[in-house]
Every structure is written in C-alpha cells, then in structure tokens.
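*Asks:* Submitted below is the structure of interest, expressed as structure tokens.
The numbers here are math on the coordinates, done by the rules we state, and not lab data. Here the structure is a predicted model, which is why all the values come from computation and not from measurement. Cβ coordinates were reconstructed from backbone atoms using ideal geometry, including for glycine residues, and neighbour counts include every protein chain displayed.
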Amino acid sequence: MLSNFTDRPLQFFKFCLVGAVNTSVDLAVFIFLTAWSVPMILAQGISYTCGLLNSFFMNRAWTFKRRGQPAGQFARFLALNVVTLTLTYGLLVLFHYYMAWSTLASKFVATGVGLVLNFTGSRLWVFS
C-alpha cells in the first residue's frame, strides 16, 4: 500500500513528460504537413491524432506499465480525453468571459485542472 502511494509522484512526473513529448509530436507533424501544403485543418487533425496516439501508448507502456488487450483501455482513454477537453473549454469560457480573467490566466488554470483530471482518470480508470 505504501509503495502505491509513493509511486504517484513518479507516475505524475512521467505523465507530464509524456505530455511534453505529445506536444512535440503534435507540433512536429503539424509543421511537416503544413510545409507540404496540407490544409491547416487537416494538418491539425492529423497532428493532434498523432499526439493522442503517442500519449496512449507511452502512458500505457511507461507511465502506468499496463499490458494485455488495449481496446478497452483505448475506449476509456478517448472518453476521458473528451471529458477533459469539454471541461477545460468550459473553464476557459467561465474564467475568461464570465469572471473577466485574462486569456493566459484562464488557459493556465483550465490546463492545470485538465492535467489533474486526466492524470487521475488515467490512473484510476483508464489504466487501472
């Protein structure tokens, strides 16, 4: 039980590192595709999907060390990411438009909430 508790900071650190890699993958694919004149909306969809897939496989194998059939995990992963996206968008709207926070402050707080939700959901539901 104690080792499970002490593993959380390391898992969270790995989760954050994977997030940084995902952002890099997304950006690199986007830059590559737009350099080859792929329409921006299509490039964004493809690059975001590449980052999302990278996130699933890296978190599954490295952060949470799960094996076996990934289909159920992937469905839960997608559902969690839709919930996280919806919540963070709602928080952006709330903080910026209704509470008159700056765009950057709104984004920062919404991202922090999304990070905690995504990590907790991944740990307790997606890769449990």
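*Asks:* At q = 0.19, 0.20, 0.24, 0.26 Å⁻¹, what log₁₀ I(q)/I(0) does segment 1-65 have when each alpha carbon counts as one equal point scatterer in the Debye sum?
*Replies:* For segment 1-65 at q = 0.19, 0.20, 0.24, 0.26 Å⁻¹, log10 I(q)/I(0) is -0.69, -0.74, -0.90, -0.98.
*Asks:* Let me ask you something else. Mind telling me which of 104, 53, 92 comes out most flexible in a GNM of the chain, alpha-carbon contacts under 10 Å?
*Replies:* Most flexible of the set in this elastic network: 104.
*Asks:* In segment 1-87, which trypsin sites (Lys or Arg not before Pro) fall in coil by DSSP and have 10 or fewer other Cβ atoms within 10 Å?
*Replies:* Here the trypsin sites (Lys or Arg not before Pro) that fit, given the DSSP loop and packing criteria, are 67.
*Asks:* Between 106, 37, 55, find the one with the highest GNM mean-square fluctuation for the chain; connect C-alpha pairs within less than 10 Å.
*Replies:* Among 106, 37, 55, the largest GNM mean-square fluctuation belongs to 37.
*Asks:* Moving on. Taking other Cβ within 10 Å of each residue's Cβ, how do 40, 58 sort, fewest first?
*Replies:* Ordered by Cβ neighbours within 10 Å, fewest first: 40, 58.
*Asks:* Could you tell me the extents of the chain's C-alpha atoms along the three principal axes, largest first, rounded to whole Å?
*Replies:* Answer, in whole Å and largest first: 47, 41, 23 Å.
*Asks:* Across segment 96-108, in residue order, what do the Karplus-derived ³J(HN,Hα) couplings come to in whole Hz, using 6.51 cos²θ - 1.76 cosθ + 1.60 with θ = phi - 60° and x for Gly and Pro?
*Replies:* After applying 6.51 cos²θ - 1.76 cosθ + 1.60, I find 7, 8, 9, 10, 6, 6, 5, 4, 5, 5, 4, 5, 4 Hz.
*Asks:* Using the alpha carbons of segment 68-128, what is the convex hull volume per residue in cubic angstrom, as a whole number?
*Replies:* Residue-normalised Cα hull volume stands at 60 Å³.
*Asks:* Compute the signed sum of charges (Lys and Arg +1, Asp and Glu -1) over the other residues within less than 13 Å, Cβ to Cβ, of residue 10.
*Replies:* +3
*Asks:* How many nm separate the modelled label positions at residue 86 and residue 16, each set 7 Å beyond the Cα in the direction of the Cβ?
*Replies:* In this crude spin-label approximation the distance works out to 2.9 nm.
*Asks:* As an exercise, use a Förster radius of 30 Å and the Cβ-Cβ distance of residue 49 and residue 7 to find the FRET efficiency, rounded to the nearest 0.05.
*Replies:* On the way: r = 30 Å, r/R0 = 1.00.
E(calc), rounded to 0.05, equals 0.50.
*Asks:* Say we join alpha carbon atoms closer than 10 Å with springs in a Gaussian network model of the chain; which of 51, 114, 72 then has the biggest fluctuation?
*Replies:* Looking only at 51, 114, 72, the biggest GNM fluctuation is shown by 72.
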